[in-house]
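Some notes on the structure that comes next.
The values are calculated or read from the model by the stated rules, or taken from the named source; none is laboratory data. Predicted, not measured: the structure shown is a model, and the values here were computed from it. Please note: Cβ atoms are built from the backbone with ideal geometry, for glycine as well, and neighbour counts cover all protein chains shown. Keep in mind that these areas ignore ligands, DNA and RNA; they rest on the heavy atoms of the full protein, side chains included. Shrake-Rupley method; radii C 1.70, N 1.55, O 1.52, S 1.80 Å.
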Amino acid sequence: MLSIEPMLDADLPLAGQFLHQNHDATRSAEDWARLFRYPWERGMPSGKPNNGFLLRDGGTLAGVVGAIYSEQSIHGVVERFCNITSWAVLESHRGHSTRLLMACLAQPGYHFTNFSPMPVVENILKFLKFVCLEKSYHVVANLPWPLWTRYRIATGPAAGELLKGSELRVLEDHRSIAGLTHLAVANQGRCCYVALTPCQVKGFPSAEVLHAGDAALFTEALPAIGAHLLRRGWLTLKVESRFVEGKPAWSRQRPMDVPKYYRSDRLKPADISTLYSERVLLLSENRR
């Protein structure tokens with residue numbers, strides 16, 4: 001009587017209750033269900049095919065694997081992504097866990113990501129030909145550099161006035177996400193969108209980079225960005241190596257705390273965005 005079925009919007013209340021009881025009880029059933037209703041969904045021409053997959057044993061829900069979909073412009077081409085999240089199966093049905101995940105991975109035309117795997121999940125992802133997205137990050141000291149005036153930096157709603165094309169769309173997709181700080185950095189006709197979230201590094205207030213649309217411009221503008229953030233009380237900047245070119249000045253490199261994985265037949269690590277994932281959606285939930 002076992003079956004694997006797509007998780008539709010009508011299934012979200014039941015799936016949310018299952019995840020609350022069997023995955024993370026610190027989040028309510030309503031919070032879990034809300035995770036699969038994301039702001040960029042409205043801008044997806046083809047819509048989302050499902051919210052993941054369910055494992056049922058007769059009339060009993062025995063497992064859930066969540067999926068968050070997005071359509072992103074990468075080098076001028078629209079690419080489809082599936083972010084795998086919230087994989088939970090009852091102990092009595094653990095032997096069918098991989099079947100549930102494979103139902104999600106069997107969908108054609110998607111690049112797949114998982115940004116917070118537990119160790120046992122990490123081993124499964126490696127077996128399924130996922131590769132590690134990033135192995136290290138830099139902690140960059142924010143200093144009061146005079147280079148501040150060479151770059152125009154806009155924050156909040158004003159950031160949209162400097163951006164255009166796909167970078168503007170990424171900003172619009174995430175304007176409503178609580179916990180994100182939006183920057184637009186411009187210089188000599190070039191501009192990129194930078195998304196940040198507050199964090200702590202060794203107990204000091206810091207900002208973590210979740211997206212930098214142009215690695216070359218972002219790297220050049222790091223001193224100016226650092227000076228801008230310092231004025232707002234952030235002493236350091238945490239940035240993954242794929243977002244920068246080379247090793248930034250006044251920085252220290254450290255191994256990743258939590259590994260991130262992706263599977264794609266053609267995209268490179270620098271093409272993968274953390275923004276369209278549970279990592280960002282949970283920022284809003286944490287603010288509630």
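For the range 241-257, backbone phi angles converted through the Karplus equation (6.51, -1.76, 1.60; θ = phi - 60°) give residue-by-residue couplings of 4, 6, 8, 10, 9, x, 9, x, 5, 6, 9, 10, 8, 9, x, 4, 6 Hz, Gly and Pro being listed as x.
Distances between placed amide hydrogens fall under 5 Å for residue 143 paired with 227, all partners being 5 or more residues away or on another chain.
3J(HN,Hα) along the range 159-172: 4, x, 6, 8, 9, 8, x, 5, 5, 5, 5, 4, 4, 4 Hz, from the Karplus curve 6.51 cos²θ - 1.76 cosθ + 1.60 with θ = phi - 60°, whole Hz, x for Gly and Pro.
Short to long, the 10 Å bins of the Cα pair-distance histogram for the range 125-185 hold 17, 30, 33, 16, 5 percent of all pairs.
Shown in residue order for the range 19-26 are the 3J(HN,Hα) couplings computed by the Karplus curve 6.51 cos²θ - 1.76 cosθ + 1.60 at θ = phi - 60°: 5, 5, 7, 10, 10, 8, 6, 6 Hz (x for Gly and Pro).
Charging the Cβ of each Asp and Glu at -1 and of each Lys and Arg at +1, and nothing else, the dipole of the range 215-288 about its Cα centre rounds to 200 debye.
One compactness figure for the range 131-288 is 0.99, namely its Cα radius of gyration divided by 2.2 N^0.38 Å. Volume per residue of the convex hull around the Cα atoms, evaluated for the range 67-125, comes out as 85 Å³. Rounded to the nearest 20 debye, the dipole magnitude of the range 56-145 is 180 debye, with +1 charges on Lys and Arg beta carbons, -1 on Asp and Glu beta carbons, and the Cα centre as origin. Taking the alpha carbon gyration tensor of the range 17-125, multiplying each eigenvalue by 5 and rooting it gives semi-axes of 25, 16, 13 Å, largest first.
When the charge dipole of the range 1-92 is built from unit charges on Cβ atoms (+1 for Lys and Arg, -1 for Asp and Glu) and taken about the Cα centre, the candidate among 44, 84, 17 whose Cα reaches farthest toward its positive end is 44. Projecting the Cα atoms of 60, 32, 236 onto the charge dipole of the chain (Cβ charges, centred on the Cα centre) puts 236 farthest toward the positive pole. Beyond 30 Å, the tail of the calculated P(r) for the chain holds 33 percent of the Cα pairs.
The angle separating the long axis of helix 278-287 from the principal Cα axis of greatest extent in the chain is about 80 degrees.
Within 10 Å of each candidate Cβ there may be at most 12 other Cβ atoms; applying that plus a DSSP loop requirement, which trypsin sites (Lys or Arg not before Pro) in the range 154-259 survive? Here the trypsin sites (Lys or Arg not before Pro) that fit, given the DSSP loop and packing criteria, are 164, 202, 231, 232. For the range 183-288, with all protein chains in place and a probe radius of 1.4 Å, 50% of the accessible heavy-atom surface sits on carbon or sulfur. Surface analysis of the range 5-70 yields an accessible area of 42 Å² per residue, using protein heavy atoms and a 1.4 Å probe. The loop-placed trypsin sites (Lys or Arg not before Pro) in the range 92-161, going by DSSP, that have at most 14 neighbouring Cβ atoms within 10 Å of their Cβ come out as 129, 135. Projecting the alpha carbon convex hull of the range 92-162 along each direction and taking the average yields 9.7 nm². Using only Cα coordinates, the Kirkwood hydrodynamic radius of the range 199-270 works out to 13.5 Å.
Each Lys or Arg adds one and each Asp or Glu subtracts one; over the other residues with Cβ under 15 Å from the Cβ of residue 41, this totals +2. When only alpha carbons are used to place a centre, the range 221-279 and the range 144-215 end up 12 Å from one another. Under a point-charge model restricted to the Cβ atoms of Lys and Arg (+1) and Asp and Glu (-1), what is the dipole moment magnitude of the chain relative to its Cα centre, in debye to the nearest 20? Dipole about the Cα centre, nearest 20: 760 debye. The residues of the range 86-146 present an accessible area of 52 Å² per residue when probed at 1.4 Å with all protein chains retained.
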